[in-house]
């Protein structure tokens with residue numbers, strides 16, 4: 001870990017054109033090192049959809065997928081909605097609010113537009 005800090009200081013003072021990209025990578029390495037120090041239960045204790053979606057969103061952005069951010073978010077919201085519909089006994093309204101929709105009808109319309117199925121039809 002000390003090596004990473006020294007490398008970061010050296011790169012920060014250098015004139016390498018892509019030094020901030022390199023520094024970002026070194027910071028990510030530090031984050032991963034820190035995550036290894038936590039017990040697995042602390043890493044998997046995410047309680048809501050946003051806590052599960054955010055790391056996946058960042059990972060996709062880091063991979064620089066050739067699709068838009070809106071598409072990434074949309075696909076992930078639908079994936080989470082499908083999981084919640086199948087694995088919980090929550091109402092469609094509860095799932096809608098959990099995923100950040102103010103109106104359950106808006107969520108139902110969004111889900112149907114993305115999947116060609118209404119949320120309750122998806123369950124059957």
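Values as computed for the structure displayed
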item	result
Conditions (1) closer than 28 Å to residue 25 by Cβ; (2) exposed (fewer than 11 other Cβ atoms within 10 Å of the Cβ); (3) touching a helix residue (DSSP H, G or I) at 6+ places or on another chain (Cβ under 7 Å); number of the one not met by residue 72	(2)
Any hit, the stretch 99-109, residues being under 19 Å from the mean Cα position of the chain (by Cα), modelled with pLDDT under 95 and assigned to a helix (DSSP H, G or I)	no
Near pairs, Cβ below 7 angstrom, 6+ apart or cross-chain, from the stretch 110-121 (in contact (Cβ under 8 Å) with a residue 40 or more places away in the chain) to any residue that is assigned to a helix (DSSP H, G or I)	114/74; 114/78
Residue identified as within 29 Å of residue 123 (Cβ to Cβ), at pLDDT below 90 and surrounded by 11 or more Cβ atoms within 10 Å (Cβ to Cβ) among 52, 24	52
From the options 77, 95, residue that is assigned to a helix (DSSP H, G or I) and either more than 30 Å from residue 21 (Cβ to Cβ) or in the same structural domain as residue 24 (by TED's automatic domain parsing) (or both)	95
Odd one out for residue 45 among (1) at pLDDT 75 or above; (2) under 15 Å from the mean Cα position of the chain (by Cα); (3) closer than 30 Å to residue 5 by Cβ	(1)
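The values are calculated or read from the model by the stated rules, or taken from the named source; none is laboratory data. Quantities reported herein were computed from a predicted structural model and do not represent experimental measurements. Backbone-built Cβ (ideal geometry, glycine too); neighbour counts: all protein chains shown.
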